[in-house]
Amino acid sequence: MHPLKKNRPLRRIVLASAVTASGLVLLLALKPHTTPAIAVAPAPASSNSGTGSGGSSTTGTKTVTGDTAQTQWGPVQVKITVKSGKLTDVTVLQSPSENPRDQEINSYALPELKSEALAAQSASIDTVSGATYTSDGYRQSLQSALDSAGL
């Protein structure tokens, strides 16, 4: 007697349920593929070329590294350049980059955060939609750099 005969529908239901449950367990046990981390040279702790004797008076340019802000998805740290008391550049030294989604978010969020910071000349910038944690960390690191630069 074949186990899937039509006169035994309950047996077919039990067998189909067991196969479905087994398939779900196997599917949920799969680990997502992550790309290997990209090796990045460590950034210098701080290069305040505008502090000290004569540095600020000759060029008027100062570079300050902000504190590292720890976010849920990883650290965020920026370095700013100030020329004649005006914010002229913001460079991201660290940002979450553990997986392709982090890299995708950073590809659109970080340039937007930079342009807003340069336009606002402060850390009072809007959060980029979809990059809330990165935006918060960016603001924190930017504010610490601005405070260190005396802005």
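Readers should treat all values here as calculations from the given coordinates under stated rules, not as data from a laboratory. Keep in mind that what you see is a predicted model, and the values were worked out from it rather than measured. No Cβ is skipped: glycine too gets one built from the backbone with ideal geometry, and neighbour counts run over all protein chains shown.
Some notes on this structure:
- Backbone geometry of region 131-141 corresponds, through the Karplus equation with coefficients 6.51, -1.76 and 1.60 at θ = phi - 60°, to 3J(HN,Hα) couplings of 9, 4, 5, 5, 4, 4, x, 4, 4, 5, 5 Hz, x marking Gly and Pro.
- J(HN,Hα) series, region 80-86, from Karplus relation 6.51 cos²θ - 1.76 cosθ + 1.60, nearest Hz, glycine and proline x: 10, 10, 10, 10, 6, x, 10
- Taking label positions 7 Å along the Cα-Cβ direction at both D102 and T127, the computed distance is 2.0 nm, reported to one decimal.
- Segment S115-L30, extension gain: residue separation times 0.36 nm, minus the distance between their alpha carbons: 26.6 nm
- Look at the alpha carbon pairs under 8 Å that are at least 6 residues apart: their mean separation over the length of region 63-118 gives a relative contact order of 26 percent.
- Under-5 Å amide H pairs with L93, H placed in peptide plane, nonlocal only: Q77, V78, K79
- Residues T81, T91 arranged by fewest to most Cβ contacts within 10 Å: T91, T81
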